[in-house]
Amino acid sequence: MDEKSLFAAFFTIFTSQIKNTMFQKLVAIEPVSLVLSAEKALYSFADEVVMYSDIPAGDNEIIARIGDADAVLLSYTSQINRYILERCPNCPVYRYVLFTILSRKCECGYPLC
C-alpha cells in the first residue's frame, strides 16, 4: 500500500472519530500530499484552513505558521518539538496535532506522541 492510500485509510478513520469536532484554524505547515478528496474534507472540520506549499526553514518559521491554530498537519520533512509547542498555546498536542502517515516521530515529550 502506498503512502497516499495509507493516508486515505487513516484519514477516513480519523475523520469518523472527530466528525463532531470543529477546529477554529487548521494549518498544514508544509506540503502533506493529501489526495484531493481528503484536502477538501479538511474544510468541513475547520472554520479556516491554511495549506503551505513549501517546507519551513526552522522552528521559528513553524511557530509563525502555526500561530493561533488549534490543529496542525505536517509530513515527514518537519517535526514539532517541545520548543515549538510551548510557543503555540492554542495547539494542544495531546488532542489535536495531526501527523501524516510515515511522518517523523514527535519528540516533544507530550502524551500520545
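Every read-out reported here was derived from the displayed coordinates using simple, explicitly stated rules and does not represent laboratory data. Predicted, not measured: the structure shown is a model, and the values here were computed from it. Cβ atoms come from the backbone with ideal geometry, glycine included; neighbour counts cover every protein chain shown.
Residues that are within 18 Å of Pro89 (Cα to Cα) and surrounded by fewer than 22 Cβ atoms within 10 Å (Cβ to Cβ) within region 51-69 comprise Asp59, Asn60, Glu61, Ile63, Ala64, Arg65, Gly67, Asp68, listed in sequence order. For region 67-92, what are the residues that are over 16 Å from Glu30 (Cα atoms) and either among the hydrophobic types (A, V, I, L, M, F, W, C) or touching a His at 6+ places or on another chain (Cβ under 7 Å) (or both)? Passing the criteria: Leu85, Cys88, Cys91.
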